[in-house]
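We did not get these values from a lab; they are worked out from the coordinates using the rules stated. Being a predicted model, the structure only gives us computed values, none of them experimental. Please note: Cβ atoms are built from the backbone with ideal geometry, for glycine as well, and neighbour counts cover all protein chains shown.
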Amino acid sequence: MIELKMVHINEYELSDCQRSQIQSLLKDSFPGYFEDRIFFKQMSRERILAYSDGLLIGHLGLEYRAIKIGDQLASIFGIIDLCVKEEYRRQGVATELLRTVEGKAVANDINFCLLFADEHKLYQNSGYTLLKNDCTWFGIEECKSIGLIKERLTDCMMAKRISGEIPWDETHTVDLLGHLF
Ligand SMILES: CC(C)(COP(=O)(O)OP(=O)(O)OC[C@H]1O[C@@H](n2cnc3c(N)ncnc32)[C@H](O)[C@@H]1OP(=O)(O)O)[C@@H](O)C(=O)NCCC(=O)NCCS
């Protein structure tokens, strides 16, 4: 296993150097999506940066939010733009980044870790469940607000319970109280 140094940093505190390292990692990992900025829809609250020998090799954006599950409010950590430098993949770096978020969530009594992904294996291996719910969120497309969206999500929303007993099953409507990250 690669020796990793995890750096937790507020989005607004990122240095120019960190921004340019993140941008180059995002550009390589998600071709065509991060040409001129380091976020796609909206800035994160925080970034978790994984360094090996001083080199940025992995990254995720962390969202902290209240969402509504049925009629209950839940606190979540949202995981955004998880990526690992190509030469360092399949060595557990992404899994370690997820573990780092979960440790932080446990320490802070967060109810769920939540993410949206088309491929599920990495997350299922870390204990995330694919959820199917009627959802409401605020649409943002190409840096424009496009209004409220209501749709049933069946193949991308994944969550892991961290603390509490807030019920979450297919019958609940989920209001993201913000954009879909
Ligand atoms: C997905 C990604 C972050 C995984 O990083 P990693 O450090 O290689 O992950 P780990 O070593 O902890 O786990 C590897 C396992 O993740 C799974 N996996 C691979 N690519 C995946 C993907 N795009 N989405 C979900 N799971 C994936 C596989 O099961 C893989 O194991 P296997 O190849 O032996 O079957 C990395 O491949 C990457 O940066 N891809 C490009 C960006 C991306 O698609 N990010 C996901 C956004 S939701």
* Structure fact -> Residues meeting the amide H criterion for CYS83 (H placed from the backbone, H to H distance under 5 Å, 5 or more places apart or on another chain) are HIS59
* Structure fact -> Fewest to most Cβ atoms within 10 Å: HIS120, HIS59 sort as HIS120, HIS59
* Asked: Among the trypsin sites (Lys or Arg not before Pro) within the stretch 69-107, which fall in a DSSP loop and have no more than 12 other Cβ atoms within 10 Å of their own Cβ?
  -> ARG90
* To do: Report the net charge of residues surrounding LYS150, where surrounding means a beta-carbon distance below 15 angstrom and charges are Lys +1, Arg +1, Asp -1, Glu -1.
  => 0
* Asked: In whole percent, what relative contact order does the chain give with Cα contacts below 8 Å and a gap of six or more residues?
  -> 20
* Asked: Evaluated at 10 °C with a viscosity of 1.306 mPa s, what Stokes-Einstein diffusion coefficient in µm²/s does the stretch 17-127 have when Rh comes from the Kirkwood expression over alpha-carbon pairs?
  -> 107
* To do: Could you work out the local net charge near ALA66, counting Lys and Arg as +1, Asp and Glu as -1, over the other residues with Cβ closer than 14 Å to its Cβ?
  => -1
* To do: Would you work out which of GLY92, LEU153, GLN23 lies farthest towards the positive end of the dipole of the chain? Charges go on Cβ: Lys and Arg +1, Asp and Glu -1.
  => GLY92
